[in-house]
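The values are calculated or read from the model by the stated rules, or taken from the named source; none is laboratory data. Treat the numbers as computed from the prediction; the structure is a model and nothing was measured. Using ideal geometry, Cβ is built from the backbone for each residue, glycine included, and neighbour counts are taken over all protein chains shown.
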Amino acid sequence: MRLQHINPHPLLKGYIEKMWVFESSGRVPTDDMKLVVPNGLIKLVIPFRNGLSGKMEDGWFHLSKEHSITLIGIADIPAIVESEKDCKAGTIGVEFSPQGAYRFFHFRQSEIKNQIHPLTDILGNIAKQLEAEITNTESINGKVLLLQQFLHKLFLRHEADNIFDYCVQKIKSTKGKTTISDLEKETGYSSRWLHMKFIDRVGISPKNLSSIIRFQQYYQTLATNHGMVFMKKDFYSYYYDQSHFIKEFKRFTGLSPVRFENANNDFGKIFYRD
């Protein structure tokens with residue numbers, strides 16, 4: 001398995017969190033969980049070699065055929081990802097920052113929460129045209145360039161929501177420890193207004209996003225290091241107690257910390273490594 005990180009267009013930095021090309025010589029080994037956990041980011045994927053399937057924990061399933069473009073809504077449950085065939089595979093991925101997706105996709109983000117959809121179902125003919133152009137372009141770099149140009153055009157169509165952007169950045173900068181009360185005091189907007197804004201532009205509530213960002217502090221450490229990392233005293237900075245932490249961890253992975261530590265999930269962890 002190989003993951004290559006790509007620098008987004010300078011104008012899109014801050015709105016696109018990650019952009020990458022994943023390649024493998026075949027299916028991920030059967031003993032790998034192939035588990036993708038929530039990270040608070042809406043995703044766009046293009047399997048340019050081999051198809052790609054995704055199954056959410058609640059049963060939602062979608063198979064993306066080769067060169068089809070798929071939009072994956074923000075998730076607060078884990079998913080299993082698998083190549084369609086046991087042969088060479090390649091996928092281009094874009095992960096939009098929590099405050100970024102609404103600048104590209106102008107619909108209520110909660111409508112696709114924990115769901116996977118063909119981009120053509122959402123954007124229609126312009127997505128079909130992009131699929132055709134990417135299919136007819138041989139090089140990976142050429143495919144990436146077409147995608148970046150497409151996203152740049154979408155981005156320019158929608159103005160920024162500065163209050164909302166500030167709230168998301170506050171949650172991110174405090175690693176999920178900012179409360180809705182804090183945001184009310186700092187912005188002057190009610191909790192109801194903030195909740196509705198997040199449901200519309202992110203797809204989940206500020207509290208739910210904060211929970212995912214807190215969980216990511218530990219998952220990122222686990223993905224980039226070996227050995228148990230959970231029982232350090234600093235988790236009390238993010239959780240009420242150990243049982244609270246374990247409950248949240250099981251919610252986002254489907255497993256307890258100990259069971260997860262003993263399982264193989266090299267596929268899911270590769271997206272956190274440089």
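At a glance:
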| item | result |
| --- | --- |
| Residue that is closer than 19 Å to ALA101 by Cα, of a type in the set (D, E, K, R) and either assigned to a helix (DSSP H, G or I) or not assigned by TED's automatic domain parsing to the domain that holds GLU23 (or both), where the choices are LYS197, LYS175 | LYS197 |
| Single residue of segment 221-264 satisfying the filter (assigned to a helix (DSSP H, G or I) and among the acidic types (Asp, Glu)) that is modelled with the highest pLDDT | GLU248 |
| Criterion: in the same structural domain as GLY124 (by TED's automatic domain parsing), crowded, with 17+ Cβ neighbours inside 10 Å and either touching a residue at least 24 places away in the same chain (Cβ under 8 Å) or in contact with a His (Cβ under 6 Å, 6 or more places away or on another chain) (or both) - qualifying residue of LEU11, LEU41 | LEU41 |
| Candidate set: segment 87-143, residues that are among the charged types (D, E, K, R) and outside any loop (DSSP other than H, G, I, E, B); chosen: the one nearest to the chain's Cα centre (by Cα) | GLU95 |
| Every residue from segment 52-83 that is touching a Ser or Thr at 6+ places or on another chain (Cβ under 6 Å), under 22 Å from ALA127 (Cα atoms) and not β-branched (Val, Ile, Thr) | LEU52, LEU63, SER64, HIS67 |
| Filter result for the condition that a residue is closer than 24 Å to ARG2 by Cα, modelled with pLDDT under 95, touching a strand residue (DSSP E or B) at 6+ places or on another chain (Cβ under 8 Å) and not assigned by TED's automatic domain parsing to the domain that holds LYS170, over GLY54, GLY93 | GLY54 |
| Residues of segment 32-46 satisfying the condition of being farther than 18 Å from LEU123 by Cα and of a type outside the set (A, V, I, L, M) | ASP32, LYS34, PRO38, ASN39, GLY40 |
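Yes/no matrix, rows are residues, columns are (1) within 29 Å of ILE171 (Cα to Cα); (2) of a type outside the set (S, T, N, Q); (3) part of a loop (DSSP other than H, G, I, E, B):
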| site | (1), (2), (3) |
| --- | --- |
| ASP32 | no, yes, yes |
| GLY54 | yes, yes, no |
| ILE77 | yes, yes, yes |
| ILE80 | yes, yes, no |
